[in-house]
1. Tally time: how many residues in region 5-20 are open to solvent by less than 70 Å² (accessible area, probe 1.4 Å) and in contact with a strand residue (DSSP E or B) (Cβ under 8 Å, 6 or more places away or on another chain)?
2. If I filter region 1-31 down to residues being within 21 Å of VAL62 (Cα to Cα) and in a loop (DSSP other than H, G, I, E, B), which single residue comes out as farthest from the chain's Cα centre (by Cα)?
3. Looking at region 92-106, which of its residues are in contact (Cβ under 8 Å) with a residue 60 or more places away in the chain and open to solvent by 20 Å² or more (accessible area, probe 1.4 Å)?
4. I want to confirm something. Restricting to region 86-125 and keeping residues that are aliphatic (A, V, I, L, M) and assigned to a helix (DSSP H, G or I), which single residue is modelled with the highest pLDDT?
5. Just for region 58-105: of the residues that are within 23 Å of GLY143 (Cβ to Cβ) and of a type in the set (Ser, Thr, Tyr), which one is farthest from the chain's Cα centre (by Cα)?
Amino acid sequence: GSSATGTRTVEVQVRDNAGNVRTASDTIYYYAEVQYFGNACAGSAGIPLLNVSGVPGAGRTVTLATLNTAAPAQALYFGLSNTNWLGIPLPLDLGLLGVSGCFVNISLDIPLGTGPVAPVAIPIPSDPLAIGAVTYYQNLLFGDPSGKLVVSTRGAEITVSGF
């Protein structure tokens, strides 16, 4: 067996005492599960949840949505690290902005979705070089009725699986 991700065909053969053989097969897609990490901080609707749906594989699409929030605006970020951002160790407590207990869990390298809180579809390139790439995502929420300047979700780590 292989631990490589991607499409695999599984075949089984069963032989009875009379020597009759039955064969069956099926195709499965094996992929690395999304890993969630870090802390989120509560807004007026409780702790917001960053949810990744879809299969994170080359040539596929995942959708990131933030659940359990009353905040009207978001900044969904893509990052290349969950340990360092511009030389600053992560996670970074946002207490300096008056929201102690809210954290930046990833390097905030590229904003993917800014504006109203809405799901964001992320197409994954159908490129063999993308396979095995690890990327990070986090949503920062603004305008929450709690009065907090920013409310943060936990981070999500996605590893791109094979074809």
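The values are calculated or read from the model by the stated rules, or taken from the named source; none is laboratory data. Please read these numbers as outputs of a predicted model, since none were measured by experiment. We place every Cβ from the backbone using ideal geometry, glycine too, and count neighbours over all the protein chains shown. Accessible surface is based on the protein model in full, side chains and every heavy atom, while ligands, DNA and RNA are left aside. Shrake-Rupley method; radii C 1.70, N 1.55, O 1.52, S 1.80 Å.
1. 3
2. Within region 1-31, the match that is farthest from the chain's Cα centre (by Cα) is ALA4.
3. GLY101, PHE103
4. Within region 86-125, the subset aliphatic (A, V, I, L, M) is 86, 88, 90, 92, 94, 96-97, 99, 104, 106, 108, 110, 112, 117-118, 120-122, 124.
Checking the rest, the ones that are also assigned to a helix (DSSP H, G or I) come to 94, 96-97.
Working: LEU94: 96, LEU96: 90, LEU97: 91.
Step by step, filter region 86-125, then rank; the result is LEU94.
5. My answer is SER100.
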